[in-house]
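Participant: Here it is, the structure in full.
The values are calculated or read from the model by the stated rules, or taken from the named source; none is laboratory data. Since the structure is predicted, the reported quantities are computational estimates derived from the model, not experimental observations. FYI the Cβ positions are ideal-geometry reconstructions off the backbone, even for glycines, and counts take in every protein chain you see. For accessibility, only protein heavy atoms count, side chains too; no ligands or nucleic acids. Shrake-Rupley method; radii C 1.70, N 1.55, O 1.52, S 1.80 Å.
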Amino acid sequence: PNVPAGVQNVALGKKVTASDKSPITGELAQVTDGTKEAFDDQVVEMRKNTQWAQVDLGEEFKIYAIALWHDHRWIQLYRDVIIQVADDADFTQNVRTVYNNDMDNSSGQGIGKDKEFFETAYGRVISVGGEKARYVRSYTKGSNLSALNCIQEIEVYALPAK
């Protein structure tokens, strides 16, 4: 995606919360620790059904791109990948969906028009176009290999909103 000069990963080291309060493996802080290698101890694994991980950027930013890695230890397709940005932690204020590949609304966030993709070591970069937001949430509903949900890293490339 086209991004202006000076964008930085503003998610690095920021607070992460999730729908699964106690993941099967890993710690939520790993989602923004900058490490996304294909090792077992780098994966935060959450239970089945739709789950989300959320980053509090600490303040509002103009977001130009979001990069994410679910689990690239194996080639797989993650289902119902939905990326949203919002102004509040409960995702009730100014919620915008910037990516959605849920073709049947089985995760309850609307029918998506984006394509499924294979997980790779390069992650998936989603163009956001300068949306202003403080919170970023990433949903999944398992993959073609497992009903469990994994997340390795979320990076948010942005500039200060002010």
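Participant: Mind checking segment 66-119 for trypsin sites (Lys or Arg not before Pro) that DSSP puts in a loop (not H, G, I, E or B) and that have at most 13 other Cβ atoms within 10 Å?
Facilitator: Hits after loop and neighbour filter: Lys113, Lys115.
Participant: Where in the chain lies the longest segment free of chymotrypsin sites (Phe, Trp or Tyr not before Pro) that are both loop residues by DSSP (not H, G, I, E, B) and have at most 15 other Cβ atoms within 10 Å?
Facilitator: Details: sites that count: Phe39, Trp74, Phe117, Tyr122.
The segment 75-116 is the longest one with no such site.
Participant: Quick one: how many lysine pairs does the chain have with C-alpha atoms less than 22 Å apart and a gap of 8 or more or different chains? Give me the count, please.
Facilitator: Counting lysine pairs in the chain gives 20.
Participant: Also, I was wondering about something else. Along segment 120-134, what does the Karplus equation 6.51 cos²θ - 1.76 cosθ + 1.60 (θ = phi - 60°) give for ³J(HN,Hα), rounded to whole Hz, x for Gly and Pro?
Facilitator: The phi angles translate into 9, 5, 7, x, 10, 9, 10, 6, 10, x, x, 4, 8, 6, 9 Hz.
Participant: Add +1 for every Lys or Arg and -1 for every Asp or Glu among the other residues with Cβ under 11 Å from the Cβ of Ala158, and state the total.
Facilitator: Taking every other residue near Ala158 into account, the sum is -1.
Participant: So what is the diffusion coefficient of the chain in µm² per second by Stokes-Einstein at 4 °C and 1.567 mPa s, using a Kirkwood Rh over Cα pairs?
Facilitator: 84
Participant: Moving on to the next point. So, for the chain, what is the accessible surface per residue at a probe of 1.4 Å, expressed in square angstrom?
Facilitator: 48
Participant: Kindly write out, for segment 106-111 in residue order, the coupling ³J(HN,Hα) from the Karplus curve 6.51 cos²θ - 1.76 cosθ + 1.60 (θ = phi - 60°), rounded to whole Hz, with x marking Gly and Pro.
Facilitator: 6, 9, x, 10, x, 7
Participant: Still on this structure, I have one more. Within the set of other residues whose C-beta is less than 15 Å from the C-beta of Ile111, count the net charge using Lys and Arg as +1 and Asp and Glu as -1.
Facilitator: Summing Lys/Arg as +1 and Asp/Glu as -1 gives -1.
Participant: Right, something else. What FRET efficiency comes out for the pair Ala147/Asp56, r = Cβ-Cβ distance, R0 = 30 Å, nearest 0.05?
Facilitator: That pair, Ala147 with Asp56, gives E of 0.60.
Participant: Excluding Glu37 itself, what net charge comes from residues whose Cβ is under 12 Å from its Cβ, given Lys and Arg +1 and Asp and Glu -1? Walk me through the intermediate numbers first.
Facilitator: On the way: positive: Lys36, Arg73; negative: Asp33, Asp40, Asp41, Asp71, Glu153.
Taking every Cβ under 12 Å from that of Glu37, the sum is -3.
Participant: Give me the distance between the Cα centres of segment 88-162 and segment 10-60, rounded to whole Å.
Facilitator: Distance between centres, Cα-based: 13 Å.
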